[in-house]
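**Q** Input: one structure, supplied below.
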Amino acid sequence: DSGVTQTPKHLITATGQRVTLRCSPRSGDLSVYWYQQSLDQGLQFLIQYYNGEERAKGNILERFSAQQFPDLHSELNLSSLELGDSALYFCASSPFGESSYEQYFGPGTRLTVT
Amino acid sequence: AQKVTQAQTEISVVEKEDVTLDCVYETRDTTYYLFWYKQPPSGELVFLIRRNSFDEQNEISGRYSWNFQKSTSSFNFTITASQVVDSAVYFCALTAGGTSYGKLTFGQGTILTVHP
């Protein structure tokens, strides 16, 4: 158990809908990262927050947004969902926002868009 | 741009065999960090190791060992006396220092199957 929690574990929704994925980092970790794992794209970095502020952005679609709250939990919002958004979404956390710290991953949220 | 290549898509071995998973990386940064993660069938990503670009010492942890060679831009992972529980997808990942802020670039992964 990494100490990172993600809810829900599974999510099935229809095209055009909006969903919110939630992540609680390990106790004391200030940085949260979101990754998407799909069969065709592999594991891809989406976005990083550090202590409430957006710090780095990767291949995140405009339909997707995220935020980190004062209690440090984070939410990833996916809207106007398409079939291609079906994937495993991971949240990871680390103590600080620098590269020198390893990231610990949550169990993931499996999103299925039908 | 950074890139990680895991040329072996799938490896199949019999229990107790040694197996090496290859990882080759590309980066222009002089400071960078390399990682290995394991993804068992249950789906979670498990951190295995982190190496700094300025520390080329090899590392051994039980049946696991890692060989980091800057000259060939490789960070290979060896499992000695493999066991069925080692069956998983293994990912090599890279992050640069500075403004990368830790965002990981992953390889495509190697599926390791250990048969009893």
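**Q** Among the residues of region B:83-108, which ones are closer than 15 Å to B:D22 by Cα and facing chain A (nearest Cβ under 7 Å)?
**A** B:F91, B:F106, B:Q108
**Q** With the structure loaded, tell me whether B:W36 is touching a strand residue (DSSP E or B) at 6+ places or on another chain (Cβ under 9 Å) and either closer than 17 Å to B:T105 by Cα or surrounded by fewer than 15 Cβ atoms within 10 Å (Cβ to Cβ) (or both) or whether it fails that test.
**A** Yes: the conditions hold for B:W36.
**Q** Considering only residues that are closer than 19 Å to A:I60 by Cβ, over 15 Å from the mean Cα position of the chain (by Cα) and within 11 Å of another protein chain (Cβ to nearest Cβ), which ones fall in region A:82-98?
**A** Within region A:82-98, just A:G97 meets the criteria.
**Q** Do we have any residue at all in region B:54-66 that's open to solvent by 50 Å² or more (accessible area, probe 1.4 Å), polar (S, T, N, Q) and at pLDDT 90 or above?
**A** no
**Q** If you don't mind, another one. State yes or no: is A:G16 surrounded by fewer than 13 Cβ atoms within 10 Å (Cβ to Cβ) and touching a Ser or Thr at 6+ places or on another chain (Cβ under 7 Å)?
**A** Yes; evaluated as a whole, the condition is true for this residue.
**Q** Could you tell me which of the residues A:E102, A:E54, A:E62, A:E98 is among the acidic types (D, E), in a loop (DSSP other than H, G, I, E, B) and over 20 Å from B:W36 (Cα atoms)?
**A** Result of the check over A:E102, A:E54, A:E62, A:E98: A:E62.
**Q** Going by what's in this entry, would A:Y104 be described as touching a Phe, Trp or Tyr at 6+ places or on another chain (Cβ under 8 Å), open to solvent by 50 Å² or more (accessible area, probe 1.4 Å) and not polar (S, T, N, Q)?
**A** yes
**Q** Among the residues of region B:28-47, what is the count of those that are free of Cβ contacts under 8 Å to residues at least 40 places away in the same chain and under 14 Å from the mean Cα position of the chain (by Cα)?
**A** 2
**Q** Residue by residue through region A:65-83, note down the ones that are of a type outside the set (S, T, N, Q), surrounded by 13 or more Cβ atoms within 10 Å (Cβ to Cβ) and closer than 23 Å to A:A14 by Cα.
**A** A:A66, A:E75, A:L76, A:L78, A:L81 - these are the residues of region A:65-83 that are of a type outside the set (S, T, N, Q), surrounded by 13 or more Cβ atoms within 10 Å (Cβ to Cβ) and closer than 23 Å to A:A14 by Cα.
**Q** Out of B:Y33, B:Y64, report the one residue that is closer than 22 Å to A:F105 by Cβ and within 14 Å of another protein chain (Cβ to nearest Cβ).
**A** Only one candidate passes the filter, namely B:Y33.
**Q** Can A:E62 be described as open to solvent by 40 Å² or more (accessible area, probe 1.4 Å) and within 12 Å of chain B (Cβ to nearest Cβ)?
**A** When the stated conditions are applied, A:E62 does not pass them.
**Q** Moving on to the next point. Exactly one of (1) within 19 Å of B:L104 (Cβ to Cβ); (2) in contact (Cβ under 8 Å) with a residue 24 or more places away in the chain; (3) of a type in the set (D, E, K, R) is unmet by A:K9. Its number?
**A** Status for A:K9: all satisfied but (1).
**Q** I've got another one for you. Of everything in region B:67-91, what is more than 27 Å from A:Q41 (Cα to Cα), open to solvent by 50 Å² or more (accessible area, probe 1.4 Å) and out of contact with any Ser or Thr (no Cβ under 8 Å at 6 or more places or on another chain)? Give them in sequence order.
**A** Matches in region B:67-91: B:Q69, B:S71, B:Q83, B:V84.
**Q** Do we have any residue at all in region B:17-27 that's closer than 23 Å to A:L88 by Cβ, touching a residue at least 24 places away in the same chain (Cβ under 8 Å) and among the hydroxyl-bearing types (S, T, Y)?
**A** No, because not a single residue in region B:17-27 is closer than 23 Å to A:L88 by Cβ, touching a residue at least 24 places away in the same chain (Cβ under 8 Å) and among the hydroxyl-bearing types (S, T, Y).
**Q** Counting only residues that are over 9 Å from the mean Cα position of the chain (by Cα) and part of a strand (DSSP E or B), how many does region A:27-44 have?
**A** 6
The values are calculated or read from the model by the stated rules, or taken from the named source; none is laboratory data. Note that the structure is predicted; figures quoted are calculated from it, not measured. Neighbour counts run over all protein chains shown; Cβ positions are idealised from the backbone, glycine included. Only protein heavy atoms, including side chains, enter the accessible area calculation; ligands, DNA and RNA are left aside. Shrake-Rupley method; radii C 1.70, N 1.55, O 1.52, S 1.80 Å.
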